[in-house]
1. Looking at segment 206-219 only, could you name the residues that are farther than 15 Å from Arg16 by Cβ and either within 9 Å of the ligand (Cβ to nearest atom) or among the acidic types (Asp, Glu) (or both)?
2. Identify all residues within segment 173-184 that are outside any helix (DSSP H, G or I) and without any contact (Cβ under 8 Å) to a residue 60 or more places away in the chain; write none if there are none.
3. Against the condition in a helix (DSSP H, G or I) and small (Gly, Ala, Ser), how does Ala513 come out, does it pass?
4. Six or more apart or on different chains, Cβ under 6 Å: which pairs go from a residue in segment 57-75 that's acidic (Asp, Glu) to one that's surrounded by 12 or more Cβ atoms within 10 Å (Cβ to Cβ) and in a helix (DSSP H, G or I)? Could you list them?
5. For segment 245-276: of the residues being acidic (Asp, Glu) and either part of a helix (DSSP H, G or I) or under 30 Å from Gly89 (Cα atoms) (or both), which is farthest from the ligand (Cβ to nearest atom)?
6. What are the pairs with Cβ atoms under 7 angstrom where one residue, in segment 402-416, is on the phi > 0 side of the Ramachandran plot and the other, located anywhere, is at pLDDT 95 or above and more than 16 Å from the ligand (Cβ to nearest atom)? Sequence gap at least six, or different chains.
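The values are calculated or read from the model by the stated rules, or taken from the named source; none is laboratory data. All figures in this text were calculated on a predicted structure; none of them were measured in a lab. Every residue, glycine among them, receives a Cβ derived from its backbone with ideal geometry; neighbour counts consider all protein chains shown.
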Amino acid sequence: MAQAFPASPTTTPATRTLVVHSPIDGSRLGEVPLMGDAEVRAAVERARTAQRAWAQLPIETRAERVARVIDAFVERLDELVDAVVLETGKPRNDALAEWITVVDACHYFTRHAGRILADTSITLHHMKWRGSYVAYVPMGVIAVISPWNLPLAIPMGSVIEALIAGNAVVAKPSEVTPLTLLKAKELVDATGIPTDLFQVVTGDARTGAALIDAGVQKVVFTGGVSSGRRVGAACAERLIPCVLELGGKAPLIACDDCEIERTARSIVAGGFINSGQLCISVERVLATEAVHDRLVDRVVALTRELRQGDPRADDVDVGAIIFAKQMDIAEAHIEDAVARGALVATGGRRRPGPGMFFEPTVLTRCTPEMTVMREEIFGPVVPIMKVRDEEEAVRIANDSPLGLHAYVFSRDKTRARAVAERIEAGTVMINDVLVSYCAPEAPFGGIKNSGYGRVHSDDSLRAMCYARHVNYERFAMPLNSPLLFPYTTAKFRGMRAAIRATFKRTPLLGRLADLL
Ligand code: TXE
């Protein structure tokens, strides 16, 4: 179908702006500056200045001020949800899920930051004359670079963590969906949090690259694998840490004792919520022989019941495709799969009419060599493959360069856990889909080409800080300690005897004898 409007944001070189269109009907939503090096650098410098005063505040004060973001989000919920719906074409429910993820993260971290970031005392196992503790020191300016699929939840989750930890943030939203984050910034500013402390720079990949080069102390990046490699290399050059969250190919293993209705509904939700544009979407179903046929029938029936359309109405299940390129990708996968013997059980096409809509699609008779089973789809396409048993399912699930998320369905909790523990992924969910992302206290991130580092969780909040180890004196060592100059034969012998007594793996009495 010919595009009735620009497939992605159009740039206007004369004024250096990005024009944003709604995927619902192509209407023009607004335009934002395409920022270059100088603007980005200036934003980071302003952020650095604001951060110095912010970092001096007690953690409780910072948490209390960030908690006001919850009030602003509650107060202006509809405004924010509408912004997401218009810019992404997703149903209100999907937009609300983004809102909840941010507000709940804010709720959790503002309540627990004092505990998570408290100085941690370390008992030294040998150096009993000294004591240690770790203090979590704000890093400075954190760069958050985010994609278009969750334009509110992905950047704002990290923005909240960075701020509570005492940092400033400069965030670069996707060029496809910059307006949502600008709206969120408007709400954050209204809480009285200093405007320079959280800034949004708009633009494309070059703007993102400029941000990494602008003297930031850490980068939290979510996006495609190839961009992630470039971001990782740029951070390595500058010796700054980064979190790379690079997408997935989540398998769903349906064991032969799975509950058919629950599994089918979860497949449909996991495959078509957000039009399948989630890095944790169900991207391949591995159904054991015993349940395959019943599961396929139910998944297809439920998929046909989905109501797709203008997401501004409340009774729509599946909305538009956010980024036009994803429709080409979906079509290419379907074409390849059909050429290799798959069946399009339902869906399979773009929907005619205005807007970027792709039918929820179920492919059956899939096999591992099909691209749809190997590469990220990031669209409303669910391929199903029949496997002999769990063994084969686990082998195929792990035969992937990606390892972000996975799902196991079984009535037997012990069995499900045994399967889950064999899957190579950052998160494995049992008997449910997607909601694990909404648990701020649990780590989220991948292994293999899905990237490294974690967002969410207490560890991730601490990782927004430098761990400063402070080592102090409990008892003063004598000035003629063997650790201080001058070295002498007597000191050396004393040290040698002590070390042997300490590390010799024999009973205590024998070791004490060494000291004599
Ligand atoms: O992501 P990109 P895109 C997958 C999905 C999709 C593919 C590409 O399969 O087809 O990734 O999506 C900025 N230095 N995911 O093109 O290009 C860029 O401006 C600094 C998975 O949207 O990776 C944007 O803000 N910044 C994913 C952000 O990075 C750079 C979600 C992501 O852009 C940069 C979306 C660079 N060198 C798509 N290159 C997920 N993991 O959830 C790009 N950017």
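1. Start the filter on segment 206-219 by keeping residues that are farther than 15 Å from Arg16 by Cβ, which leaves 208-209, 211-219.
Correct list: Gly208, Ala209, Leu211, Ile212, Asp213, Val219.
2. Those that are outside any helix (DSSP H, G or I) and without any contact (Cβ under 8 Å) to a residue 60 or more places away in the chain: Pro173, Ser174.
3. yes
4. As it stands, the answer is Glu60/Gly114, since those pairs meet every condition given.
5. First pass over segment 245-276, keeping only residues acidic (Asp, Glu): 245, 256-257, 259, 261.
With the extra rule that they be either part of a helix (DSSP H, G or I) or under 30 Å from Gly89 (Cα atoms) (or both), the set shrinks to 245, 261.
Working: Glu245: 5, Glu261: 29 Å.
Taking the candidates together, the pick is Glu261.
6. none
Condition check ((1) touching a strand residue (DSSP E or B) at 6+ places or on another chain (Cβ under 8 Å); (2) closer than 19 Å to Ala171 by Cα; (3) among the aromatic types (Phe, Trp, Tyr)) across all residues:
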{"residue": "His21", "(1), (2), (3)": "yes, no, no"}
{"residue": "Arg46", "(1), (2), (3)": "yes, yes, no"}
{"residue": "Pro58", "(1), (2), (3)": "no, no, no"}
{"residue": "Glu87", "(1), (2), (3)": "yes, yes, no"}
{"residue": "Leu96", "(1), (2), (3)": "no, no, no"}
{"residue": "Ala113", "(1), (2), (3)": "no, no, no"}
{"residue": "Leu117", "(1), (2), (3)": "yes, no, no"}
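For (1) loosely packed, with under 11 Cβ neighbours inside 10 Å; (2) more than 22 Å from Gly224 (Cβ to Cβ), each residue gets a yes or a no:
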site	(1), (2)
Met429	no, yes
Pro443	no, no
Gly453	no, no
Arg468	no, yes
Phe485	yes, yes
Thr502	no, yes
